[in-house]
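Heads up, the thing below is written out as structure tokens.
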Amino acid sequence: MFTSLLSEGLDLPRSGPSFAQADAESHLTVEAAVTPFPREELRVDMLVAEEAKVAQGQPLMRLRSAPEISLVAPMAGRVARIDLMPGHKLSQVVLFHEADGDRHAFKVDGAERDEAGFRALLQATGLWRNFRSRPFGQMPAPTETPAAIFVMGVDSRPDAPVPSVAIEGREEEFGRSLEALKLFAGAKCFLCEPKGAPFGGAVPKDVTRLELGDIHPQGSAGFLIHRHFPAQTERRVWTIHAEDLADIGALLATSYLPVTRFVTVTGDALREPRLVKCQKGADLRGLIQNVVKPGPHEVMSGSLLEGRSAHWLAPHDRQVLVFARTSGGDRKHWFKAALERAARHAPIIPTAALDQAFGGRLPAAALVRALASGDMETFTQLGGLSLLEEDIALADYVTGARPRLAKQLHSMLTQIAAEEDAL
């Protein structure tokens, strides 16, 4: 099923045939939506109404708790539907593409000269949301200052788009953004790069460069943070994908937000896998309509390990999976077997594979026991505050744990966050 390599990870099977990650085609779906990330709670005030015509990048809403932070239109179009739950909690805002739509221009003059201007620009354009803050994995608070920033130029999950492909030809934009990160005074910056293929553009001298392999979870942010700059409740560590960082440079250079991001579309229900450039929040069914095989199937946003059934591409996702279903509605895939094995309670047995699923960087068995027993003190001492659910999704597959380790981790982090807020 998979091959182990030393203690640094596991070589996982792919969701379909291999393919060359080059020559991505642009594919803007007819519909797209602004949605929260799974388990993300966003209370918003709308700035537009249904049927309004909006430009790509135009602010659609702002956070009630932080009005300076906006969420913007992923494409030019018409606001087809606004779905808010009680308390102005965002469910989805759906847009219908308008071919003759415009692009919204932002004022960027002077944004690179001081932190306040740079921070205000990122928050007004929605790019602030591309940062994730650890512990807890949420969007950073408006006034939060990171102790370190990890720029993720690697992604070791099966079939993930190669970040270096996404920033090819954008070296100037990427380097400009790396330089701008210095405005967050005191933040140590790490650039995570694939081994043997470092970024070819200009890199500031004070940026620490980390070369990483392609075996999962070597490219998982949580284990890198734990090893090089552990997150703590009083020492926040941010992560950002290399393509998202290049988008900041594009904004600084042009006053406009880029229209697309690189996304892989894979799975056994497709005639062929593909690499596309689509808008954020793309309609997943629109992305697969010309390549899906006849018959029942399930569409997921996210990787093989932590993907979830979805209608729209989730905010931080860059993978779409399409699994065939039998007449009984079951997935015909190894992932289904993993889920079936995890359908019952079973003790977790420490194995070499479990250590490898943690990249050999954490005491896996001890951390798993701390999660199972709800031992927050041990969890924190072992480095658990650097992790998010996607970091241990591989361990869930290896162990077949029930309840899932990712769910236990989420509960632990939620409890720690609640106690921090109460102090």
| task | Please go through the residue pairs K195/K407; K53/K107; K89/K280; K107/K182; K205/K280 and name each one whose alpha carbons sit more than 24 Å apart in this structure. | result | K195/K407; K205/K280
| said: Which of S133, S373, S386 ends up with the largest GNM mean-square fluctuation for the chain, with Cα atoms connected below 10 Å? | reply: S373
| remark: With the 1.4 Å probe rolled over protein heavy atoms, the chain has an accessible area per residue in Å² of 42 Å²
| query | Out of P59, P161, P204, any idea which swings most in a Gaussian network model of the chain, alpha carbons joined below 10 Å? | reply | P204
| For the chain, what are the DSSP H helices with axial Cα length of 24 Å or more and mean Kyte-Doolittle hydropathy of at least -1.0? | 405-422
| Based on Cα positions only, what radius of gyration and what Dmax would you give for the chain, in angstroms? | 20.9, 60
| said: I want to verify a result. In a Gaussian network model of the chain, Cα cutoff 10 Å, which of these has the top mean-square fluctuation: P258, P363, P230? | reply: P363
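Helix-derived [θ] at 222 nm for the chain: sum -39500 (n - 2.57) over DSSP H runs of at least 4, divide by residue count, nearest 500?
-7000 deg cm²/dmol
Of all DSSP beta bridges in the chain, what percent run antiparallel (nearest 5)?
Restricted to the chain, the bridges split so that about 70 percent are antiparallel.
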| said: Restricting to DSSP loop positions (anything but H, G, I, E, B) with no more than 12 other Cβ atoms inside 10 Å of their own Cβ, which GluC sites (Glu not before Pro) remain in the stretch 201-268? | reply: E234
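Based only on Cα atoms, what mean projected area does the convex hull of the stretch 113-164 have, in nm²? Numbers along the way, then the final one.
On the way: hull surface 20.0 nm².
So the mean shadow area of the Cα hull is 5.0 nm².
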| task | Whole Å is fine, so just give me how far the alpha carbon centre of the stretch 121-182 lies from that of the stretch 363-387. | result | 27 Å
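The values are calculated or read from the model by the stated rules, or taken from the named source; none is laboratory data. Because the structure is a prediction, the values reported are computed rather than measured. So basically every Cβ, Gly included, is an ideal-geometry build from the backbone, and we count neighbours across all protein chains shown. We work out accessible area using only protein heavy atoms, side chains counted, and drop any ligands, DNA or RNA first. Shrake-Rupley method; radii C 1.70, N 1.55, O 1.52, S 1.80 Å.
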